[in-house]
Each structure stands twice: as C-alpha cells, then as structure tokens.
1. Take the residues in segment 60-72 that are free of Cβ contacts under 8 Å to residues at least 12 places away in the same chain and open to solvent by 80 Å² or more (accessible area, probe 1.4 Å); name whichever of them is nearest to the chain's Cα centre (by Cα).
2. So which residues in segment 4-28 are in contact (Cβ under 8 Å) with a residue 40 or more places away in the chain, farther than 19 Å from Arg158 by Cβ and in a strand (DSSP E or B)?
3. Take Lys36 and decide whether it is open to solvent by 40 Å² or more (accessible area, probe 1.4 Å), of a type in the set (Lys, Arg) and assigned to a strand (DSSP E or B).
4. Is it the case, given these coordinates, that Ala49 is buried (at least 16 other Cβ atoms within 10 Å of the Cβ), under 18 Å from Lys6 (Cβ atoms) and over 15 Å from the mean Cα position of the chain (by Cα)?
5. Quick one: would you say Arg84 is over 17 Å from the mean Cα position of the chain (by Cα), of a type in the set (D, E, K, R) and either over 25 Å from Trp132 (Cα atoms) or surrounded by fewer than 14 Cβ atoms within 10 Å (Cβ to Cβ) (or both)?
6. Does Ala92 fit the bill of being on the phi < 0 side of the Ramachandran plot and either open to solvent by less than 90 Å² (accessible area, probe 1.4 Å) or hydroxyl-bearing (Ser, Thr, Tyr) (or both)?
7. Only one of these is touching a helix residue (DSSP H, G or I) at 6+ places or on another chain (Cβ under 6 Å), acidic (Asp, Glu) and free of Cβ contacts under 8 Å to residues at least 40 places away in the same chain: Glu149, Glu77, Glu145. Name it.
8. Out of Ser79, Ser109, I need the residue that is within 25 Å of Ser20 (Cβ to Cβ), in contact with a Ser or Thr (Cβ under 9 Å, 6 or more places away or on another chain) and open to solvent by less than 50 Å² (accessible area, probe 1.4 Å). Which one?
Amino acid sequence: MPIKLKGSCRCGAVHFSVESHAPVPYQLCYCSICRKTAGGGGFAINLSAIAQTLKVEGEDAIGSFSAEIRGDDGICERSQAQRRFCTGCGTALWLFDPRWPDLLHPFASAIDSHLPRAPEKTHIMLRFKAGWVDPDIAANDQSFEDYPEESIEEWHRRHGLWVD
C-alpha cells in the first residue's frame with residue numbers, strides 16, 4: 001500500500017497530501033527551471049506520487065507556472081508541465097504534466113512527512129547547472145548531463161524501495 005506524504009507551504013496557506021509508491025528523494029535536478037523555481041542549493045528534488053490521490057487545503061492560494069524551454073536548436077516552446085506554488089510565500093509545491101496524468105511530482109522540500117534517506121543519488125541535467133554549483137557526487141552516485149533512462153519507479157524497484 002502506498003504511503004501518504006503530507007506537505008505544506010512556508011506561510012501555512014496551503015496543505016496537501018498525496019500517496020506515493022516512490023518516496024525516496026534521490027534525484028537531484030540541476031536544470032535552470034528547477035534551480036530557479038525550487039532549488040536554493042543549485043538543484044531541486046522531485047518525488048513521484050499518484051495524481052488522483054492529491055488532496056489540497058488552501059487551493060485558492062496556489063499559482064501555476066509553465067516554463068518556456070529553449071531547445072538546442074534555439075526554438076522556444078512553453079512546457080506542458082505545470083509547476084504549482086504558493087502565491088503567498090512562493091513555496092514550490094508540486095509539478096504536474098498532463099502528458100502523464102497518473103503522476104504528480106511533489107517537491108521534496110515541501111514535504112513535512114518523514115522521507116527515507118537515499119542509498120545513492122542521481123544527479124540529472126548537469127549540463128544546465130549554474131557555474132557556482134559544485135555538485136557533491138559521491139562514489140556510488142550516478143550523474144547525467146541530461147535525463148537518465150532509468151525511471152523513478154525503476155530506481156525504487158532496483159533498490160527494493162518501491163512501496164506496494
């Protein structure tokens with residue numbers, strides 16, 4: 001049975017809960033969108049949860065942001081991903097992408113529930129990291145210039161951390 005994650009914003013206007021099979025905060029994203037909207041340390045950590053289980057208090061205090069993404073070819077497109085945040089304090093809450101309607105990606109930084117420690121970390125989108133960021137990549141960590149092929153579910157299953 002999936003575990004319930006509870007989260008909130010800094011000012012207390014928004015509280016939410018969502019169920020997750022994959023609750024380990026292991027994947028650090030260094031892309032400019034994550035870094036600038038949720039990553040004070042130069043990265044953000046998204047978890048994975050079941051979208052249909054989301055329950056929200058304070059929905060009127062939630063804003064949405066869809067970033068413009070410039071490809072290597074110079075073409076700029078609006079992302080379909082919707083980053084939700086508190087309009088009162090700016091806390092990044094979760095990301096939802098309608099291309100994967102069953103999934104919701106809460107930001108680990110907004111979760112108030114206990115989260116397990118990761119046995120290793122995966123550093124992604126390193127080609128976009130800020131120049132001032134010196135990633136702390138341990139010997140058993142994985143690192144990728146872009147996205148890894150292994151999904152969040154596959155990572156959790158490989159480590160025996162998938163919660164049925």
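The values are calculated or read from the model by the stated rules, or taken from the named source; none is laboratory data. The model shown is predicted, which means the values in this text are computed figures rather than measured ones. Here the Cβ positions follow ideal geometry from the backbone for every residue, glycine too, while neighbour counts run over all protein chains shown. Only protein heavy atoms, including side chains, enter the accessible area calculation; ligands, DNA and RNA are left aside. Shrake-Rupley method; radii C 1.70, N 1.55, O 1.52, S 1.80 Å.
1. Top of the filtered list is Glu68.
2. Result: Lys4, Leu5, Lys6, Gly7, Ser8, His15, Phe16, Val18.
3. no
4. It is false that Ala49 is buried (at least 16 other Cβ atoms within 10 Å of the Cβ), under 18 Å from Lys6 (Cβ atoms) and over 15 Å from the mean Cα position of the chain (by Cα).
5. Here the answer is no, as Arg84 does not meet what is asked.
6. yes
7. Exactly one of Glu149, Glu77, Glu145 is touching a helix residue (DSSP H, G or I) at 6+ places or on another chain (Cβ under 6 Å), acidic (Asp, Glu) and free of Cβ contacts under 8 Å to residues at least 40 places away in the same chain, namely Glu145.
8. Working: Ser109 fails: open to solvent by less than 50 Å² (accessible area, probe 1.4 Å).
Going through Ser79, Ser109 in turn, the sole match is Ser79.
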